[in-house]
Amino acid sequence: MIEEEIDKLLAEEFPVRKNLIYLNHAAVAPLPLRSGEAVKAFVDEYVHFGTKNYQHWSQHADQLHADLAQFINASADEIALLKNTSEGISIVAMGFPWQPGDTVLSSDEEFPSNRIPWQALADRGVQFKEVTLRQAGKSPEQALIDEMDDSTRLLAISAVQYASGLRLDLEILGKACRERDIGFCVDAIQMLGVAPVDVEKANIDFMMADSHKWLLGPEGIALFYCRKKWQRMIKLFQYGWHMVENYGDFDDKDWQPAASARRFESGTPNILGIQAFAASLSLINDIGIETIEDRVLHHTNLMHEYIAKSNNLEAIYSDSASKMSGIVTFRHNNCDLSALFLHLRKQNIMCAERGGGIRFSPHIYNTDEEIISALETANQFM
């Protein structure tokens, strides 16, 4: 797809641009037009025909499993659809075969969803160790690797840090984990949909991501990846009709958990969310994840260039190009942060207060003009 075709498609898919400068995809993204239309069509069918076509809806769920597997280079039986990232992390944290004295290695920049479930293991004798990622003379990856020892059972890390936008090299970390027989759990919520992720190349054992950020889907549905070799080793703590092998046989008293990642899907799937998520994923695939990454990183460079030349703004984090993502967080040196945030919202600029600053996180459909306009609004506020 050539640039002109992409721009035309994006203008059609994101009518939100007529109302807002939307720079908040690291929080909650607006739905593309096709996803909204998919929801409308589903609801219309539901209203007029009830569950007559439920079998067809189930096939949609199966197809989404397959499409997500292809998206991350996994197999469909390694994919589950959960409610959110927190649920996925909790499945691993509560079900992992821990021994007293084991350590979970992580960073000092994690979102609470990738901290609290691990801290909750303290009463089982499992230590949660936070590593400072920004150390003089060390890459963030080396800082983590240097803390791996005989007690380390799992590395639990975000692919991209939610406040700073720091992007980690998953292949380096995955290789180190594999060499040391350490499990590798990745919170990919700030990477999936904006950069390619290959679970095989990166040796990832567990990965989770909500659809409602860079994947441009709805809230309430998330990808959960569990490598095949781990599925029977993760102890289940959620049970229901949908997680058994013969889930269509309601009279089966001698049930067994599904021989796939569906064992982590305890109850009725989020059929409505599946329609929207599938449509959003189709848009990402139509454009191409590499194209999305290129344009988003262009936006990131543009923001850093403007901030560096501005009178009042200062980037809180200035990482090298290889560590950049779609997130840029900055402060205003001459005004109150909360006042600036409220001013931007009043000007219909959607962003977030994170990491001691204002976080901008544009996606592929945002234009250079929108981004510069938003930064000028911030810079001129006093």
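The values are calculated or read from the model by the stated rules, or taken from the named source; none is laboratory data. Remember, it's a predicted structure, so these values are computed and weren't measured experimentally. With ideal geometry, Cβ positions are generated from the backbone for all residues, glycine too; neighbour counts draw on all protein chains shown.
For the reader, a short list of remarks on this structure follows.
- Single residue of 360, 330, 341 found to be in contact (Cβ under 8 Å) with a residue 24 or more places away in the chain, in the same structural domain as residue 20 (by TED's automatic domain parsing) and either touching an Asp or Glu at 6+ places or on another chain (Cβ under 7 Å) or acidic (Asp, Glu) (or both): 330
- Residue count, the range 289-339 (criterion: of a type outside the set (D, E, K, R) and surrounded by 16 or more Cβ atoms within 10 Å (Cβ to Cβ)): 25
- When residues of the range 186-213 are limited to those that are hydrophobic (A, V, I, L, M, F, W, C) and outside any loop (DSSP other than H, G, I, E, B), the one farthest from residue 25 (Cα to Cα): 206
- Residue ID - modelled with the lowest pLDDT, chosen from residues in the range 364-382 that are more than 23 Å from residue 14 (Cβ to Cβ) and exposed (fewer than 14 other Cβ atoms within 10 Å of the Cβ): 382
- Candidates 186, 194, 199: the one that is touching a His at 6+ places or on another chain (Cβ under 8 Å), modelled with pLDDT of 95 or more and of a type in the set (A, V, I, L, M, F, W, C) is 194.
- Consider the range 151-172 and keep the residues that are within 18 Å of the chain's Cα centre (by Cα) and part of a helix (DSSP H, G or I). The one that is farthest from residue 300 (Cα to Cα) is 171.
- The range 358-371: number of residues that are more than 17 Å from the chain's Cα centre (by Cα) and closer than 21 Å to residue 191 by Cβ: 3
- Looking at 272, 223, 216, 297, just one residue is touching a residue at least 60 places away in the same chain (Cβ under 8 Å) and part of a helix (DSSP H, G or I), and that residue is 272.
- Any chance residue 207 is among the aliphatic types (A, V, I, L, M), touching a Gly at 6+ places or on another chain (Cβ under 9 Å) and surrounded by fewer than 16 Cβ atoms within 10 Å (Cβ to Cβ): no
- Cβ-Cβ contacts under 6 Å between residues 6 or more apart (or on different chains), taken from a first residue in the range 97-117 that is surrounded by fewer than 17 Cβ atoms within 10 Å (Cβ to Cβ) to a second residue that is outside any strand (DSSP E or B) and hydrophobic (A, V, I, L, M, F, W, C), are listed as 97/233.
- Here residue 267 meets each of (1) surrounded by fewer than 19 Cβ atoms within 10 Å (Cβ to Cβ); (2) touching a residue at least 60 places away in the same chain (Cβ under 8 Å) with one exception, condition (2).
- In the range 26-144, counting only strands (runs of 3 or more DSSP E) that sit wholly within it, the ones holding 1 or more residues that are under 16 Å from residue 218 (Cα atoms), in contact with an Asp or Glu (Cβ under 9 Å, 6 or more places away or on another chain) and assigned by TED's automatic domain parsing to the domain that holds residue 220 span 79-82.
- Taken as a whole, the structure places residue 273 among residues that are within 30 Å of residue 246 (Cα to Cα) and surrounded by 17 or more Cβ atoms within 10 Å (Cβ to Cβ).
- Some residue of the range 340-363 being polar (S, T, N, Q), surrounded by fewer than 19 Cβ atoms within 10 Å (Cβ to Cβ) and part of a helix (DSSP H, G or I): no
- Matching residues, the range 226-247, being part of a loop (DSSP other than H, G, I, E, B), free of Cβ contacts under 8 Å to residues at least 40 places away in the same chain and of a type in the set (D, E, K, R): 232, 245
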